[in-house]
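A short write-up of the structure that comes next.
The values are calculated or read from the model by the stated rules, or taken from the named source; none is laboratory data. If you're wondering where the values come from, they're calculated on a predicted model, not measured in any experiment. Quick reminder, even Gly has a Cβ in these numbers, built from the backbone with ideal geometry, and neighbours come from all protein chains shown. Areas reflect the complete protein model, heavy atoms only, side chains present, ligands, DNA and RNA absent. Shrake-Rupley method; radii C 1.70, N 1.55, O 1.52, S 1.80 Å.
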Amino acid sequence: MSNTERTFIAIKPDGVQRGLISEIIDRFERKGYKLAAMKILTPSKEIAEKHYAEHADKPMFAGLVEFVTSGPMVAMIWEGRDAVRGGRRLIGSTNPAESPLGSIRGDLCVDTKRNVVHGSDSVESAAREIALWFAPWEIVE
Ligand code: CDP
Ligand code: MG
(Lines give C-alpha, C1' and ligand atoms only; values in the text may rest on other atoms or scores of the structure.)
(Ligands and ions follow the chains in the order given, each with its own letter.)
Protein backbone atom coordinates (compact mmCIF):
# COMPACT_ATOMS: atom_id res chain seq x y z
CA MET A 1 0.00 0.00 0.00
CA SER A 2 1.26 3.49 -0.75
CA ASN A 3 -0.02 6.74 0.68
CA THR A 4 0.09 10.40 -0.17
CA GLU A 5 2.55 11.81 2.33
CA ARG A 6 4.39 14.99 3.13
CA THR A 7 8.09 15.00 3.87
CA PHE A 8 10.42 17.70 5.17
CA ILE A 9 13.43 18.29 2.93
CA ALA A 10 16.09 20.90 3.64
CA ILE A 11 19.08 22.01 1.62
CA LYS A 12 21.83 22.46 4.19
CA PRO A 13 24.21 25.46 4.28
CA ASP A 14 26.84 23.60 2.19
CA GLY A 15 24.28 22.88 -0.55
CA VAL A 16 23.14 26.51 -0.63
CA GLN A 17 26.70 27.81 -0.59
CA ARG A 18 27.70 25.46 -3.42
CA GLY A 19 24.84 26.61 -5.65
CA LEU A 20 22.94 23.31 -5.56
CA ILE A 21 19.46 24.70 -4.77
CA SER A 22 18.02 24.36 -8.27
CA GLU A 23 19.67 20.95 -8.83
CA ILE A 24 18.06 19.51 -5.68
CA ILE A 25 14.63 21.04 -6.32
CA ASP A 26 14.82 19.75 -9.90
CA ARG A 27 15.29 16.15 -8.75
CA PHE A 28 12.22 16.26 -6.50
CA GLU A 29 10.13 17.96 -9.19
CA ARG A 30 11.20 15.56 -11.93
CA LYS A 31 10.45 12.56 -9.73
CA GLY A 32 6.87 13.79 -9.52
CA TYR A 33 6.53 15.24 -6.04
CA LYS A 34 4.62 18.44 -5.42
CA LEU A 35 6.18 21.39 -3.62
CA ALA A 36 3.87 22.34 -0.73
CA ALA A 37 6.08 24.91 1.07
CA MET A 38 9.47 26.54 0.69
CA LYS A 39 11.53 29.25 2.39
CA ILE A 40 15.14 30.27 2.88
CA LEU A 41 16.38 31.00 6.39
CA THR A 42 19.36 30.74 8.69
CA PRO A 43 17.95 28.53 11.44
CA SER A 44 18.19 29.59 15.08
CA LYS A 45 20.15 27.41 17.49
CA GLU A 46 16.82 26.46 19.10
CA ILE A 47 15.28 25.16 15.89
CA ALA A 48 18.49 23.30 14.98
CA GLU A 49 18.70 21.63 18.41
CA LYS A 50 15.04 20.59 18.24
CA HIS A 51 15.43 19.37 14.67
CA TYR A 52 18.35 17.11 15.62
CA ALA A 53 17.09 16.26 19.14
CA GLU A 54 17.47 12.50 18.48
CA HIS A 55 21.26 13.07 18.24
CA ALA A 56 21.55 15.23 21.39
CA ASP A 57 23.61 12.64 23.30
CA LYS A 58 26.17 12.11 20.54
CA PRO A 59 29.61 13.74 20.32
CA MET A 60 28.73 15.11 16.86
CA PHE A 61 25.72 17.09 18.16
CA ALA A 62 27.37 20.45 18.93
CA GLY A 63 29.21 20.49 15.61
CA LEU A 64 26.07 19.49 13.73
CA VAL A 65 24.06 22.32 15.30
CA GLU A 66 26.88 24.78 14.68
CA PHE A 67 27.06 23.74 11.04
CA VAL A 68 23.34 23.96 10.24
CA THR A 69 23.11 27.38 11.90
CA SER A 70 26.18 28.67 10.00
CA GLY A 71 24.27 30.01 7.00
CA PRO A 72 21.06 29.94 5.00
CA MET A 73 19.16 26.71 4.45
CA VAL A 74 16.26 26.08 2.09
CA ALA A 75 13.41 24.41 3.99
CA MET A 76 10.77 22.63 1.93
CA ILE A 77 7.79 20.34 2.15
CA TRP A 78 7.37 17.87 -0.70
CA GLU A 79 4.18 15.90 -1.14
CA GLY A 80 3.25 12.77 -3.04
CA ARG A 81 2.90 9.02 -3.04
CA ASP A 82 5.30 7.49 -0.50
CA ALA A 83 7.09 10.87 -0.34
CA VAL A 84 8.98 10.05 2.89
CA ARG A 85 10.63 6.83 1.73
CA GLY A 86 10.89 8.07 -1.85
CA GLY A 87 12.54 11.28 -0.68
CA ARG A 88 15.13 9.30 1.27
CA ARG A 89 15.84 7.24 -1.85
CA LEU A 90 16.39 10.40 -3.90
CA ILE A 91 18.78 11.67 -1.20
CA GLY A 92 20.77 8.46 -0.65
CA SER A 93 22.59 7.23 2.48
CA THR A 94 23.97 9.40 5.28
CA ASN A 95 27.54 8.63 4.19
CA PRO A 96 27.98 9.83 0.59
CA ALA A 97 30.52 7.05 -0.05
CA GLU A 98 27.73 4.52 0.52
CA SER A 99 25.14 6.46 -1.49
CA PRO A 100 24.41 5.04 -4.91
CA LEU A 101 25.34 7.10 -7.94
CA GLY A 102 22.13 8.70 -9.12
CA SER A 103 21.20 9.80 -5.61
CA ILE A 104 21.76 13.40 -4.50
CA ARG A 105 24.44 12.53 -1.94
CA GLY A 106 25.97 9.88 -4.22
CA ASP A 107 26.33 12.38 -7.05
CA LEU A 108 27.03 15.67 -5.31
CA CYS A 109 29.14 15.24 -2.17
CA VAL A 110 31.94 13.27 -0.49
CA ASP A 111 31.70 14.17 3.22
CA THR A 112 29.15 12.84 5.75
CA LYS A 113 29.31 16.11 7.71
CA ARG A 114 28.65 18.12 4.54
CA ASN A 115 26.05 15.97 2.83
CA VAL A 116 24.04 18.84 1.29
CA VAL A 117 20.51 17.81 2.15
CA HIS A 118 18.22 16.61 4.95
CA GLY A 119 15.17 14.40 4.52
CA SER A 120 12.70 13.06 7.09
CA ASP A 121 13.33 9.40 8.00
CA SER A 122 9.71 8.43 8.82
CA VAL A 123 6.16 9.73 8.55
CA GLU A 124 6.30 10.58 12.28
CA SER A 125 9.57 12.51 11.91
CA ALA A 126 8.14 14.32 8.91
CA ALA A 127 5.10 15.52 10.88
CA ARG A 128 7.33 16.67 13.76
CA GLU A 129 9.80 18.46 11.47
CA ILE A 130 7.08 20.15 9.39
CA ALA A 131 5.48 21.52 12.57
CA LEU A 132 8.88 22.73 13.79
CA TRP A 133 9.91 24.54 10.60
CA PHE A 134 6.62 25.79 9.17
CA ALA A 135 3.49 27.58 10.32
CA PRO A 136 0.25 26.17 8.89
CA TRP A 137 -0.34 29.26 6.72
CA GLU A 138 3.00 28.74 4.96
CA ILE A 139 1.83 25.42 3.53
CA VAL A 140 -0.32 25.24 0.38
CA GLU A 141 -3.23 22.83 0.11
O1 CDP B 1 20.72 12.95 7.59
P2 CDP B 1 20.51 11.48 7.89
O3 CDP B 1 19.13 11.21 8.45
O4 CDP B 1 20.86 10.62 6.73
O5 CDP B 1 21.58 11.08 9.02
P6 CDP B 1 21.49 11.10 10.62
O7 CDP B 1 22.07 9.84 11.11
O8 CDP B 1 20.13 11.47 11.09
O9 CDP B 1 22.53 12.26 11.01
C10 CDP B 1 22.16 13.62 10.85
C11 CDP B 1 23.30 14.35 10.20
O12 CDP B 1 24.43 14.34 11.06
C13 CDP B 1 23.82 13.72 8.90
O14 CDP B 1 23.08 14.08 7.76
C15 CDP B 1 25.23 14.25 8.85
O16 CDP B 1 25.27 15.55 8.29
C17 CDP B 1 25.61 14.34 10.31
N18 CDP B 1 26.44 13.19 10.72
C19 CDP B 1 27.81 13.40 10.94
O20 CDP B 1 28.28 14.51 10.82
N21 CDP B 1 28.60 12.33 11.31
C22 CDP B 1 28.09 11.10 11.45
N23 CDP B 1 28.88 10.08 11.79
C24 CDP B 1 26.72 10.88 11.22
C25 CDP B 1 25.93 11.95 10.86
MG1 MG C 1 18.28 11.69 10.24
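Express as a percent, rounded to the nearest 5, the fraction of DSSP beta bridges in the chain (both residues included) that run antiparallel.
Values: 19 of 20 bridges.
The antiparallel proportion sits near 95 percent.
The listed residues Met60, Met76, once ranked by accessible area (1.4 Å probe) with the largest placed first, stand as Met60, Met76. Spacing of the modelled spin labels on Thr4 and Asp26, each 7 Å from Cα toward Cβ, amounts to 2.8 nm.
Taking 0.36 nm per residue of separation and subtracting the current Cα-Cα distance, fully stretching the chain between Gln17 and Lys45 would add 8.2 nm.
Summary value for the chain: 37 percent relative contact order, contacts being C-alpha pairs under 8 angstrom separated by 6+ residues.
Ignoring the sites themselves, what is the longest stretch of the chain with no trypsin sites (Lys or Arg not before Pro) in a DSSP loop and at most 15 other beta-carbon atoms within 10 Å?
On the way: sites that count: Arg18, Lys113.
For trypsin sites (Lys or Arg not before Pro) (loop position, at most 15 other Cβ atoms within 10 Å), the longest site-free span of the chain is 19-112.
Distances between placed amide hydrogens fall under 5 Å for Ala36 paired with Ile77, Trp78, Glu79, all partners being 5 or more residues away or on another chain. Taking only the C-alpha atoms of the stretch 1-121, the Rg (one decimal) and the largest Cα-Cα distance, Dmax (whole number), read 13.8, 40 Å. Would you mind computing, in nm to one decimal, how far apart the modelled labels at Thr94 and Ser70 are, each placed 7 Å from Cα along Cα→Cβ? Taking the two extended label points, one gets 1.9 nm.
Divided by 2.2 N^0.38 Å, where N counts the residues, the Cα radius of gyration of the stretch 1-44 comes to 1.32. The count of lysine pairs in the chain that are at least 8 places apart or cross chains, and whose C-alpha atoms lie under 17 Å apart, stands at 7.
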